[in-house]
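Structure first, commentary second.
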Amino acid sequence: MSRRTPLFLPGGFAALLGLAGCAPDYQPKVEGHTAEGPVAARPGETATAIFAGGCFWCTEADFEKVPGVISAVSGYTGGTLKNPTYEQVSGGGTGHYEAVRVTYDPARVSYEQLTDYFFRTVDPTDAGGQFCDRGDSYRTAIFVVGPEERRIAEAEKAEADAALDRPVVTPVLPAAPFYEAEEYHQDYYKKNDLKYRFYRTRCGRDARLQELWGG
């Protein structure tokens, strides 16, 4: 399996909607949710959503631009190994995706808006990874809690599929345990601005997004 090649050389996405392996009965404890999905927000309450969009440095950076998003944390989910490391996940065989846990204010941005935005920050027609990052850990996915999140995610997937000339292959999967990635991965785009921008440009992410979605 492919792992991200470290790059040590120096080198906007459109505003959101006008706003700038667990057991079958496993129900993750997710703040702002019930087993049925997102709950109506009361003042000061937050909710979370989990998206796998290839490189989690890029997914984290994209979501933290969105008004109403409080934080985005890089991690691993969807696999069988407990407390995996980056080396184990990128080496293949664990079943994990690189993913991001997004904490947001439902009074400012909805799960539907976040899911719509997610599709437009990835190439959902690519089943083998994302952009220059190849391998299972770089595939896209939406991890949902309950029928309401699934309904929303499937509806947004259908809209994305209708907008593109190739089938959308991003799966909608039941939420699984989420393991935070190592500290050096968190806020990588802030801590290593030049390296991050060089990596993102060389990987062709924004060029491909422009080709797919315009801007």
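What does the extension gain come out to for GLU183 and ILE70, with contour length at 0.36 nm per residue minus their alpha carbon separation? Working shown, then result.
On the way: separation 113, 0.36 × 113 = 40.68 nm, distance 1.83 nm.
Value of the extension gain: 38.9 nm.
Given the Cα atoms of region 33-213, and with Rh set as the inverse mean 1/r over their pairs in the Kirkwood sense, what is Rg to Rh to two decimals?
Working: Rg = 15.4 Å, Rh = 16.4 Å.
The Rg/Rh ratio comes out at 0.94.
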Summed residue charge, Cβ within 10 Å of ALA72's Cβ, Lys/Arg positive, Asp/Glu negative: -2
Straight-distance crosslink candidates among lysines, where the alpha carbon sits under 30 Å from LYS65 and sequence neighbours closer than 8 are dropped: LYS29, LYS157, LYS190, LYS191, LYS195
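For region 111-150, rounded, prolate or oblate, judged on the Cα gyration tensor with a ≥ b ≥ c (square roots of eigenvalues), a/c < 1.5 rounded, else prolate if a/b > b/c? Spell out each step's value before the answer.
Working: a/c = 3.45, a/b = 1.79, b/c = 1.92.
In terms of gyration-tensor shape, oblate.
Bear in mind these aren't lab numbers, they're just calculated from the coordinates by the rules spelled out. Note that this is a predicted model, so its numbers are computed, not measured. All Cβ positions, glycine included, derive from the backbone under ideal geometry; neighbour counts span all protein chains shown.
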